[in-house]
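The values are calculated or read from the model by the stated rules, or taken from the named source; none is laboratory data. These figures come from a predicted structure and were not determined experimentally. Ideal geometry is used to build each Cβ from the backbone, glycine not excepted, and the neighbour counts take in all protein chains shown. Side chains included, ligands, DNA and RNA excluded: accessible areas come from the protein's heavy atoms. Shrake-Rupley method; radii C 1.70, N 1.55, O 1.52, S 1.80 Å.
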Amino acid sequence: KIQGVRLYELARKGLVVERKAVAVTVDIQLVRYEYPELELEVRCSKGTYIRSLAEDIGQALGSYAHLIALRRLSSGRFSVNNSIDLATLKDSQIPITFLS
């Protein structure tokens with residue numbers, strides 16, 4: 001955020017904002033490569049902006065890169081491995097309240 005405004009909101013307005021460098025930890029594994037696409041699994045620390053990481057990888061390869069998909073597999077103690085899909089949840093007897 002810059003002055004309380006999320007960076008992606010500024011980017012959507014076409015504003016370019018100078019960002020401070022943040023130290024992060026990144027572990028990248030190649031999952032699949034079929035030119036011109038590659039699929040990576042990234043384990044990273046808080047503050048890592050994956051879209052910027054894709055851009056940096058493209059620059060390091062002397063080219064351009066962007067995301068076509070992004071899926072968060074875990075965050076903190078939460079993991080997709082410990083989750084249930086929406087259809088199963090709807091079929092359960094658990095009352096569901098959706099917040100907007």
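Keeping all protein chains in place, calculate the accessible area per residue for the chain (probe 1.4 angstrom), answer in Å². Write down the numbers at each step before the final one.
Working: 9620 Å² over 100 residues.
Value returned for the chain: 96 Å² of accessible area per residue.
Which is the longest run of the chain containing none of the chymotrypsin sites (Phe, Trp or Tyr not before Pro) found in DSSP loop states (not H, G, I, E, B) with at most 15 other C-beta atoms within 10 Å? Working shown, then result.
On the way: sites that count: Y49, Y64, F98.
Longest stretch, sites excluded: 1-48.
Taking θ = phi - 60°, what integer Hz values does the Karplus form 6.51 cos²θ - 1.76 cosθ + 1.60 yield along segment 79-92, in sequence order, with x for Gly and Pro?
9, 5, 5, 10, 10, 10, 7, 4, 4, 5, 5, 5, 6, 7
Excluding same-chain pairs closer than 8 in sequence, count the lysine pairs in the chain whose Cα atoms lie under 20 Å apart.
4
Toward the positive end of the charge dipole of the chain, about the Cα centre and with charges on Cβ (Lys, Arg +1; Asp, Glu -1), which of G14, Q59, A87 goes farthest?
Most positive-ward Cα: G14.
Only loop residues by DSSP count here, and only those with at most 13 other Cβ atoms within 10 Å; note down the GluC sites (Glu not before Pro) in segment 1-67 that meet that.
Filter output for segment 1-67: E18.
Mind listing the phi-derived Karplus ³J(HN,Hα) values for segment 62-78, rounded to whole Hz, using 6.51, -1.76 and 1.60 with θ = phi - 60°, and x for any glycine or proline?
Listing the rounded values in order: x, 9, 10, 8, 8, 8, 10, 7, 9, 9, 7, 8, 7, 8, x, 8, 8 Hz.
In whole percent, what relative contact order does the chain give with Cα contacts below 8 Å and a gap of six or more residues?
Relative contact order for the chain comes out at 12 percent.
Quickly estimate the mean residue ellipticity at 222 nm for the chain, helices only: each DSSP H run with n ≥ 4 gives -39500 (n - 2.57), and the total goes over all residues, rounded to 500. Mind dumping the intermediate values first?
Values: 3 runs with 23 residues, N = 100.
Taking each H run of at least 4 residues, the total per residue is -6000 deg cm²/dmol.
Taking segment 25-100, which trypsin sites (Lys or Arg not before Pro) meet the DSSP loop condition and have no more than 11 other C-beta atoms within 10 Å?
Those that pass, being in a loop and sparsely packed, are K46, R71, R72, R77.
For log10 I(q)/I(0) by the Debye sum over Cα atoms at q = 0.12, 0.24 Å⁻¹, several values are listed as (i) -0.47, -1.30; (ii) -0.36, -1.35; (iii) -0.62, -1.38; flag the one computed from this structure.
Of the listed options (i) -0.47, -1.30; (ii) -0.36, -1.35; (iii) -0.62, -1.38, (iii) comes from this structure.
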